[in-house]
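**Student:** Structure provided below as structure tokens; questions to follow.
Laboratory data are not the source of any read-out in this text; all were calculated from the coordinates shown. Treat the numbers as computed from the prediction; the structure is a model and nothing was measured. Cβ coordinates were reconstructed from backbone atoms using ideal geometry, including for glycine residues, and neighbour counts include every protein chain displayed.
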Amino acid sequence: MSRLNFKLEATASGSRARAATFTTLHGIVQTPIFMPVGTQATVKNQTVESLKTAGSNVLLANTYHLLLRPGPEVMRKFGGIHKFMNWDRPVLTDSGGFQIFSLSHSREMNEKGARFLSYVDNRPILLTPELSIDMQKAINSDIMMVLDQCIESNANHKDAKAAMELTHRWAKRSLEARGDSLQSMFGIVQGACHADLRKKSADYLINLRVNGEGFDGLAIGGLAVGETKSEREDFTAIATEMLPENLPRYLMGVGTPIDILEAVHRGVDMFDCILPNQYGQRGVVFTSLGKFQMRRSVYKFSEEKLDPACDCLACTNYSRAYLHHLIKTEESLGWHLLSLHNITFFHKFMSEIRENILAGTFLDFYNRKRKELIMTDEENPPSPMKPEKPYKKDKRLQLGDYEVHDSGRGFSSIRQISSGEVMHSINPPQEEARNLYMLPARIDERLSSLDEVVIWDVGLGAAHNSMAIIHEFLEKDFTGKIRIISFENDTDPLKLALRNAHFFPHLHHAAPHELLKNNRWVSPKGNIEWELIQGDFSHAFKSVLKPHVIFYDPFSIHTNLELWSEEIFKSIFEYCSGNEVQLLNYSASTAVRATLLAVGFSVGYGPATGPKSTTTVAYTCASLAHQQGVTLLGEEWLKRWEKSDAKVARMLSKSDELEFEEKIRSHSQFRLS
């Protein structure tokens, strides 16, 4: 029996769409429902009053962030999040699992939980299922989520199965940790894009009982992290088919209105996403006439209201011209108003879905809305300044072999058209640059012992990694000098990003413009220098200063094979001789790690990124790894490598395979482990 007293009111004819109600500790919830994301006990750019006016009834907060700041002591003092943030309606708390993968400075996964360094004060924390639930009990949320291991949706069967089974063991411990709390708890169905694993996961969680009690609802995790739109829809349908009718179903982290509509059609009840706020901050709004980009000059003289079908504050009080002006001038009022409109739009949309399910007209509504929700102001420009000229697609979004890619999750990236490969496809790029490269480089620590820290940025791309350093250190007082050397053979991605800088806020600075113009930029204080080396990296690096840190961020092995060979890594290792060098790389590939080991690097587990549980960090000197507290690959990894199908480096001849494998087995870091 669910603690939520879940009642299914109607199921749409010709669809699996459902309308239901359930009761939480802080009120009744009607589904389908969208939950705005209030990660740190606040929905960005909104007040609790504006959220209530928009129609918000359930907010999502994040256990990971609230654990680090303000911490459980503050939450307990206030009796939970409701009094703390002055919100008297239901709250759902995510467990923190995904944030550890996408935001952590340094992390290690094991059976106990996830060990990581706090981004607040760099202290080590072991987040166990028990600690996650204890924190959620301190928050006193209405619905708690179990700690799970998120993994890429396109992960192979073996890795997906291992992550699923760990999630199941953690789910049992989470249920045990709930104890006699009156809070409800949801399990999370994992299994990536493997139907048999999804079935096993659903069956296990449905039947799991601790002291006679099971889960009060079930979530579908591990989607919207790398799969295609059609795969997401297919596996949403597969998952909901396996879930019981008498429990709410929650699709985590999705998404756009069209994504929500498709998921409701397949039987999902609950949704959350940061998109309404992040889109609003970028000037993008959803309206009854389609999706608008309010930065476009077509709105400069428009006296019309934003959306004729909306009565939110932005639509009733302001013209499109004024909202356009606020966004162009980056006024915070513009972010507030457009985010408020988007949240209002989402809630009204969910109400319309519910009304049509109850009225028996959902299928007609679904077929009509599928067409309306993909309209944009590019296809049907409203109130154009020069209507006599037909609208043409904005050519600024493409340059050479690259185009601006909308992630659908509130941020943009650069996509290579020929390969289809997206730079930073899962996480917000500047967030990933900071947490995967800039923070783990520990530049402050290196400056304490070096007069000058030289950083190689291999694969400039849209300059996310280099700009992360510049934004971090530009206003800091420090002794010594930071010298960044970026390598790139095609600067079109950076040129394209600068052309569309409103999508790439990290470029709101003079440095990248001057770098492209002069191949060099120096900070006003002279303590940061950024140099661009254009051409083939495999030859260019041999004529520059030796590094202390390498951000190794070229396109993947599928697109840029020569930069992942044993030969290139060996050349780098030999060139770096004499320096204590740290190499950071986004890959967790067995073959990549083996290749680095074979040429002499000591190799360890780097910070997580998105659903990847680890990345890779390599050192010319193991002592630097120990000094930084990084866990090196040990016997456990070596045993997995022995069984792997990817034991040897790419581009390695068969005759050299035995010699290569022996280099791994005899590596000093395994003899010492």
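**Student:** Using 0.36 nm per residue, how much length does the chain from R69 to A359 gain when fully extended, once their Cα-Cα distance is taken away?
**Tutor:** Working: separation 290, 0.36 × 290 = 104.40 nm, distance 4.53 nm.
Length difference between fully extended and current span is 99.9 nm.
**Student:** Got the relative contact order for the chain handy, in percent, Cα pairs under 8 Å and 6 or more residues apart? List each step's numbers first, then the result.
**Tutor:** Values: 1333 pairs, mean separation 79.0, N = 673.
Relative CO of the chain lands at 12 percent.
**Student:** Calculate the spin-label point distance for D656 paired with V210, positioning each point 7 Å from the Cα along the beta-carbon direction, and give it in nanometres.
**Tutor:** Once both label points are built, they end up 5.2 nm from each other.
**Student:** How many angstrom separate the Cα center of the stretch 498-526 from the Cα center of the stretch 611-638?
**Tutor:** Using only Cα atoms, the two centres lie 33 Å from each other.
**Student:** A follow-up question, please. Given only helices, namely DSSP H runs of n ≥ 4 each adding -39500 (n - 2.57), what is the per-residue ellipticity at 222 nm of the chain, to the nearest 500 deg cm²/dmol?
**Tutor:** Values: 27 runs with 249 residues, N = 673.
So the calculated ellipticity at 222 nm is -10500 deg cm²/dmol.
**Student:** What nm distance separates the two modelled labels at D203 and K52, each placed 7 Å from Cα along Cα→Cβ?
**Tutor:** Result: 4.8 nm between the two label points.
**Student:** How about K83: which aspartates and glutamates have a C-alpha closer than 18 Å to its C-alpha, ignoring those fewer than 8 places off in the same chain?
**Tutor:** E49, E73, D142
**Student:** Can you list the cysteines of the chain that have no other Cys Cβ under 4.7 Å away?
**Tutor:** C150, C193, C273, C312, C576, C621
**Student:** I would also like to ask the following. Nothing charged except the Cβ atoms of Lys and Arg (+1) and of Asp and Glu (-1): what's the magnitude of the dipole of the stretch 274-373 about its Cα centre? Round to the nearest 20 debye. Present the calculation step by step, with values, prior to reporting the outcome.
**Tutor:** Details: 14 positive and 10 negative charges, 77 e Å.
Here the stretch 274-373 has a charge dipole of around 360 debye.
**Student:** I would also like to ask the following. Sorted by packing (mean other beta-carbon atoms within 10 Å per residue), highest first, where do 541-548, 600-607 land? Intermediate results must be reported in sequence, preceding the final value.
**Tutor:** On the way: 541-548: 16.1, 600-607: 24.8.
Descending packing order for the listed peptides: 600-607, 541-548.
**Student:** What residue among L460, A224, N246 has its Cα farthest toward the positive end of the dipole of the chain, where the charges are +1 on Lys, Arg and -1 on Asp, Glu, each on the Cβ?
**Tutor:** N246
**Student:** Moving on to the next point. Of all beta bridges DSSP finds with both residues in the stretch 427-671, what is the antiparallel percent, to the nearest 5? Mind showing how you got there, number by number?
**Tutor:** On the way: 14 of 36 bridges.
Percent antiparallel among DSSP bridges in the stretch 427-671 is about 40.
**Student:** Now a separate question. By count of other Cβ within 10 Å, fewest leading, how are T21, T616, T167 ordered? Please report the intermediate quantities before stating the final value.
**Tutor:** Working: T21 15, T616 21, T167 28.
Sorted ascending by nearby Cβ count, the order is T21, T616, T167.
**Student:** Let me ask you something else. Work out from phi, with θ = phi - 60° and the Karplus expression 6.51 cos²θ - 1.76 cosθ + 1.60, the ³J(HN,Hα) of each residue of the stretch 616-622, listed in order in whole Hz, and give x for Gly and Pro.
**Tutor:** 10, 10, 10, 9, 6, 10, 4
**Student:** Also: Can you compute the FRET efficiency between E642 and K229 using 1/(1 + (r/R0)^6), with r the Cβ-Cβ distance and R0 = 35 Å? Round to the nearest 0.05. Intermediate results must be reported in sequence, preceding the final value.
**Tutor:** Details: r = 39 Å, r/R0 = 1.10.
According to the calculation, E is roughly 0.35.
**Student:** Which residues' amide hydrogens lie under 5 Å from the amide hydrogen of E452, considering only partners 5 or more residues apart or on another chain, with H built in the peptide plane?
**Tutor:** Correct list: K481.
**Student:** Can you list residues whose amide H is under 5 Å from V189's amide H, if they're 5+ apart or on another chain and H is modeled 1.01 Å from N?
**Tutor:** Long-range HN contacts for V189: A219, I220, G221.
**Student:** Here's a follow-up. Report the relative contact order of the stretch 274-373, percent, no decimals, based on alpha-carbon pairs under 8 angstrom and at least 6 residues apart. Each step should come with its number before you reach the end.
**Tutor:** On the way: 128 pairs, mean separation 31.9, N = 100.
Reported as a whole number, the value is 32 percent.
**Student:** Looking at this model, which pairs from K495/K542; K52/K305; K300/K476; K305/K328; K542/K663 are more than 28 angstrom apart at the alpha-carbon?
**Tutor:** Working: K495/K542 26 Å; K52/K305 22 Å; K300/K476 39 Å; K305/K328 18 Å; K542/K663 25 Å.
Table pairs above 28 Å Cα-Cα are K300/K476.
**Student:** Can you tell me which of 340-346, 126-132 comes out highest on packing, and rank the rest after it, using the mean Cβ neighbours within 10 Å? Working shown, then result.
**Tutor:** Working: 340-346: 25.3, 126-132: 20.7.
Those peptides, ordered most packed to least, come out 340-346, 126-132.
**Student:** Take peptides 559-565, 243-249, 72-78 and line them up by average Cβ neighbours within 10 Å, highest first, as a rough protection proxy.
**Tutor:** Working: 559-565: 16.4, 243-249: 19.4, 72-78: 14.3.
By packing density, highest mean first, the sequence is 243-249, 559-565, 72-78.
**Student:** Would you please give the residues with an amide H less than 5 Å from that of V630, counting only those at least 5 places away or on a separate chain, with H modeled from the backbone geometry?
**Tutor:** Correct list: empty.
**Student:** Considering only DSSP beta bridges whose two residues both sit in the chain, what percent are antiparallel, to the nearest 5?
**Tutor:** Details: 44 of 90 bridges.
Here the antiparallel bridges make up roughly 50 percent for the chain.
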